[in-house]
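In what follows, a structure is listed as structure tokens, so that the remarks can point back to it.
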Amino acid sequence: MDTKVMNNLSYGIFVCTVREGDKDNGCIINTVTQVTATPNVVSVAINKTNYTHDMILKTGELNVSIINEDCEFDMIKHFGFQSGRDVNKFSVDSGEWMKENIDSCKRSANGLKYITKGVNSYISCKVKERVDLGTHTLFICEVTGGEILNDVPSATYAYYHQHIKTQVEKVGTTPEGKTVWKCKICGYIYEGDPIPDNFICPWCKHPASDFEKVVE
Ligand code: FE
């Protein structure tokens, strides 16, 4: 089978946010699908290695902010390319994007964060069931709330690959002179040379063989 067939399935791209105690966190996912309308139920698959995953297991709640075509790659990097285990992604000093856009991160009725910049709407979800899929957990969730924020079209995963991710492609080395490798699957950037053989992309979990050296 030609596995490229799978690239022709259409997906959106989302910020999945969670809250446990007084800690907010979030990550980027492309796996939210409405599965029934009455009741309004969505499925959300999250990789078990994500800190967000463990927080959903404990709290049973999540928000999904639906990324639109005006999204900046810097927002994807902020939520997708670092782990909530290492940084508090919603603190003002957690990165340039958050420093500039902290006011765009609001709290919905369930107390969880959602994003208003580069996003056209959000939904709030309560986990009803979960399915262990090995690498991922599939959370079956009831939609408990949501709001439309603007009418900019939702970014499909293909749009993200063609128009948003390309903002990094001209970078060959970092300002410190480190070689840049890019994940062919998701666009994650690894800095340094060589890339370790056992390196696993922290975002899409593909191996080092799916990285290519970025040529300026
Ligand atoms: Fe990747």
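A compact table of results
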item: Flag if GLY111 is more than 15 Å from ILE67 (Cα to Cα) and assigned to a loop (DSSP other than H, G, I, E, B); result: yes
item: Residue list for the range 179-208, restricted to those being near the ligand (Cβ under 9 Å from one of its atoms) and part of a loop (DSSP other than H, G, I, E, B); result: LYS184, ILE185, CYS186, GLY187, TYR188, CYS201, PRO202, TRP203, CYS204, LYS205, HIS206
item: Residues (closer than 24 Å to GLY187 by Cβ and not aliphatic (A, V, I, L, M)) located in the range 138-164; result: PRO153, SER154, THR156, TYR157, TYR159, TYR160, HIS161, GLN162, HIS163
item: The listed residue being under 16 Å from the mean Cα position of the chain (by Cα), assigned to a helix (DSSP H, G or I) and of a type outside the set (S, T, N, Q), out of TYR160, TYR122; result: TYR160
item: Leading residue by the ranking (farthest from LYS58 (Cα to Cα)) among those in the range 127-137 that are crowded, with 16+ Cβ neighbours inside 10 Å and in contact with a Lys or Arg (Cβ under 7 Å, 6 or more places away or on another chain); result: HIS136
item: The listed residue being touching a residue at least 40 places away in the same chain (Cβ under 8 Å), over 30 Å from LEU57 (Cα atoms) and not aliphatic (A, V, I, L, M), out of TYR122, TYR114, TYR188, TYR159; result: TYR159
item: Output for the range 88-101, where each listed residue is of a type outside the set (S, T, N, Q) and without any contact (Cβ under 8 Å) to a residue 12 or more places away in the chain; result: VAL92, ASP93, LYS99, GLU100
item: Close pairs (7 angstrom Cβ cut-off, 6 or more residues apart or separate chains): closer than 20 Å to VAL92 by Cβ in the range 11-24, in a loop (DSSP other than H, G, I, E, B) and aromatic (Phe, Trp, Tyr) anywhere; result: ASP24/PHE90
item: Residues being hydroxyl-bearing (Ser, Thr, Tyr), surrounded by fewer than 17 Cβ atoms within 10 Å (Cβ to Cβ) and closer than 22 Å to GLY134 by Cα - total across the range 8-42; result: 2
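Values in this text are rule-based calculations from the coordinates and carry no lab data. This structure is a prediction, so every number in the text was calculated from the model and none was measured. Quick reminder, even Gly has a Cβ in these numbers, built from the backbone with ideal geometry, and neighbours come from all protein chains shown.
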